[in-house]
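Each remark here refers to the structure printed beneath this line.
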Amino acid sequence: MSKPRVAFFDFASCEGCQLAIVNLEEAIIDVVGLIDIVSFREAMKEHSEDYDIAIIEGSITRPMDVERIKKIRAQAKILITIGACAHLGGVQRLANQWTPEENKAEVYHRHPGGTEHTTDANKFFNQPRQRAVDEVVKVDAAIPGCPINGTEFAKVLLALLQGKSLPIPDYPVCVECKKNENICVFELGKVCMGPVTRAGCDSACTNRGHECEGCRGLVSDPHMKAQTDVLEKYGLTADDILRRKTTFTYRYEEEAQAQKGGE
């Protein structure tokens, strides 16, 4: 029986999630034995349009991206997104707060000679919104994070190939932070998204005393699954921190605004 053919594709992103996979080293051996990688620009020169599984990094930005992702989806039996850009729209989604014209003016008009580039820029800014992949096509599995946890990627891919449930946690980062015996960053006078953010990163940022920025997205029901004991200790609620940081989570803000507009 032939092994599933896997192809990697990138859209608007830094491609750091693909590098996380390349850096798996020995851990990737278990996966590679079960699949045939036919396209992976970060790791090989060969490319094939004949694939069964498509792995997508990056957000959908331009009209040409929409056409391309739809074509990939039509070919792939399974489509997996990796990273915050594909999962949530990434940092670049913050641009949705302004019109394409305002973004273009900010980027090009503040530099000497910048106005000379605005004609060429039109074709790149001629899009309605920055979007996550699942807002354009059906996604079979999403691996969150910025960048992704390489080991989690290997586990998810193995689970998909074996028909098992996906090993992606749906509890807050605070659980991992407590397990790692970290000092709560709220104690350091910082604002942390950990009580409402999906775990799975082994509390990588807070292990180093940094605030959680929510790059893995929110738990499925933050009002019910938030780490309430942490919030209560500091006199906070889930609503108090849900929109305090939107570096990675502006998608939720947009969805909340759209829901209010439809009521």
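When residue 6 is tested against (1) buried (at least 20 other Cβ atoms within 10 Å of the Cβ); (2) within 19 Å of the chain's Cα centre (by Cα), exactly one condition is not met: (2).
Checked against (1) farther than 13 Å from residue 81 by Cβ; (2) surrounded by 18 or more Cβ atoms within 10 Å (Cβ to Cβ); (3) of a type outside the set (Asp, Glu); (4) in contact with a strand residue (DSSP E or B) (Cβ under 8 Å, 6 or more places away or on another chain), residue 143 passes all but condition (1).
Looking only at the range 86-95, decide whether some residue is at pLDDT 90 or above and in contact with an Asp or Glu (Cβ under 7 Å, 6 or more places away or on another chain). Yes - at least one qualifying residue is present in the range 86-95.
At pLDDT 90 or above and either surrounded by 17 or more Cβ atoms within 10 Å (Cβ to Cβ) or out of contact with any Ser or Thr (no Cβ under 8 Å at 6 or more places or on another chain) (or both): does that describe residue 162? Answer is no for this residue. Of all residues in the range 204-263, those satisfying the criterion of being closer than 24 Å to residue 95 by Cα and among the basic types (Lys, Arg) are 216, 243, 244, 245, 251, 260.
Counting only helices (runs of 4 or more DSSP H) that sit wholly inside the range 23-99, those with at least 1 residues that are in contact with a Ser or Thr (Cβ under 6 Å, 6 or more places away or on another chain) are 84-88. Given the structure, is residue 29 modelled with pLDDT of 95 or more and among the aliphatic types (A, V, I, L, M)? Answer is no for this residue.
Taking first residues from the range 223-240 that are within 13 Å of residue 171 (Cβ to Cβ) and modelled with pLDDT of 95 or more and partners that are among the acidic types (Asp, Glu) and in a loop (DSSP other than H, G, I, E, B), no Cβ contact under 9 Å between residues at least 6 apart in sequence or on separate chains turns up. Residues in the range 205-263 that are acidic (Asp, Glu) and over 22 Å from residue 182 (Cα atoms): 221, 239, 240, 253, 254, 255, 263. Could you go through the range 191-202 and let me know if any residue there is modelled with pLDDT under 95, exposed (fewer than 14 other Cβ atoms within 10 Å of the Cβ) and outside the structural domain of residue 151 (by TED's automatic domain parsing). No, the range 191-202 contains no residue that is modelled with pLDDT under 95, exposed (fewer than 14 other Cβ atoms within 10 Å of the Cβ) and outside the structural domain of residue 151 (by TED's automatic domain parsing).
If we keep just the residues of the range 165-184 that are among the aliphatic types (A, V, I, L, M) and more than 15 Å from the chain's Cα centre (by Cα), which is surrounded by the most Cβ atoms within 10 Å (Cβ to Cβ)? By that ranking, first place goes to 173. Against the conditions (1) in contact (Cβ under 8 Å) with a residue 40 or more places away in the chain; (2) more than 15 Å from residue 241 (Cα to Cα); (3) of a type in the set (Val, Ile, Thr), residue 173 satisfies every one except (2).
The rows are residues; the columns are (1) in contact (Cβ under 8 Å) with a residue 12 or more places away in the chain; (2) closer than 25 Å to residue 152 by Cα.
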| position | (1), (2) |
| --- | --- |
| 45 | no, no |
| 66 | yes, no |
| 74 | no, no |
| 79 | yes, yes |
| 93 | yes, yes |
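The values are calculated or read from the model by the stated rules, or taken from the named source; none is laboratory data. Given the structure is predicted, the values throughout are model-derived calculations rather than measurements. Using ideal geometry, Cβ is built from the backbone for each residue, glycine included, and neighbour counts are taken over all protein chains shown.
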